[in-house]
Amino acid sequence: MAIDRSLTNVERTFQWDDVIVSKTDLTGKITYANDVFLGISGYTEEELLGAPHSILRHPAMPRCVFKFLWDRIAQGHEVFAYVINRAKNGDHYWVFAHVTPCYDQAGKMVGYHSNRRVPKAEAVATVKPLYETLLGIENAAPDRKQGVEQSFAALVKTIGDLGFDSYDRLVMTISR
């Protein structure tokens, strides 16, 4: 499927009581998308099922936050994060994501489950400058891998400088 990766600079919104739900396998390929997800993203179910969740990655979203997220959930932890996503047509939308691992009856991790809600405007205003700084670090690096490593180190330092012991604590504090 060829996707137009241009951006519109138009922000989409959804209702406070709506919940975007998706499930992925362990490699991040989408195995389930609810109607709210389909509506906000602009993709059909056929386009999303089997596609990598990164199909939604907005270029303003620092890769180091996704590194953090994937590292944590792969270790069996739940993660809360603010994410800017890209709709199929180039619009964008912010979410407050809660991602958890999924297990089969034998206790083996088999995938991931994500619920996304409308974020508080104040929380987005807090993370935007941080994300811009992290993205600047990533883009200034000679290659993508170094950029993610350097921005991840900057994220960890910023979290500590703000007096938090983890990104989760920072996110939960600004979510109140």
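The values are calculated or read from the model by the stated rules, or taken from the named source; none is laboratory data. Note that the structure is a prediction, hence the values are computed from the model and not measured. Every residue, glycine as well, gets a Cβ built from its backbone with ideal geometry; the counts of neighbours run over all protein chains shown. Each accessible area value is taken on the protein alone, full model and side chains, heavy atoms only, with ligands, DNA and RNA left out. Shrake-Rupley method; radii C 1.70, N 1.55, O 1.52, S 1.80 Å.
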I'm trying to understand the selection: among the residues of region 77-132, which are closer than 19 Å to TYR32 by Cα and among the hydroxyl-bearing types (Ser, Thr, Tyr)? THR100, TYR103, TYR112, SER114
Where in region 1-86 are there helices (runs of 4 or more DSSP H), lying fully within it, with 3 or more residues that are more than 30 Å from THR158 (Cα to Cα)? 35-41, 45-48
LYS88 vs (1) farther than 16 Å from SER22 by Cβ; (2) open to solvent by 40 Å² or more (accessible area, probe 1.4 Å); (3) touching a residue at least 60 places away in the same chain (Cβ under 8 Å); (4) not aliphatic (A, V, I, L, M): all pass except (1)
Going by what's in this entry, would TYR103 be described as modelled with pLDDT of 95 or more and either over 27 Å from THR24 (Cβ atoms) or open to solvent by 50 Å² or more (accessible area, probe 1.4 Å) (or both)? yes
Among residues of region 18-44, those that are open to solvent by 40 Å² or more (accessible area, probe 1.4 Å), in contact with a Lys or Arg (Cβ under 8 Å, 6 or more places away or on another chain) and more than 17 Å from VAL99 (Cβ to Cβ), counted: 1
Can you find a residue in region 57-68 that is touching a residue at least 24 places away in the same chain (Cβ under 8 Å) and more than 28 Å from GLY136 (Cα to Cα)? no
So, of the residues in region 91-124 that are over 21 Å from ILE40 (Cα atoms) and without any contact (Cβ under 8 Å) to a residue 12 or more places away in the chain, which turns out to be nearest to the chain's Cα centre (by Cα)? TYR103
Pairs with Cβ under 7 Å, 6+ apart, first in region 159-173 and among the β-branched types (Val, Ile, Thr), second crowded, with 19+ Cβ neighbours inside 10 Å: ILE159/TYR167; ILE159/LEU170; VAL171/ALA81; VAL171/TYR82
Given the criteria open to solvent by 10 Å² or more (accessible area, probe 1.4 Å) and closer than 23 Å to LEU170 by Cβ, does LEU49 qualify? no
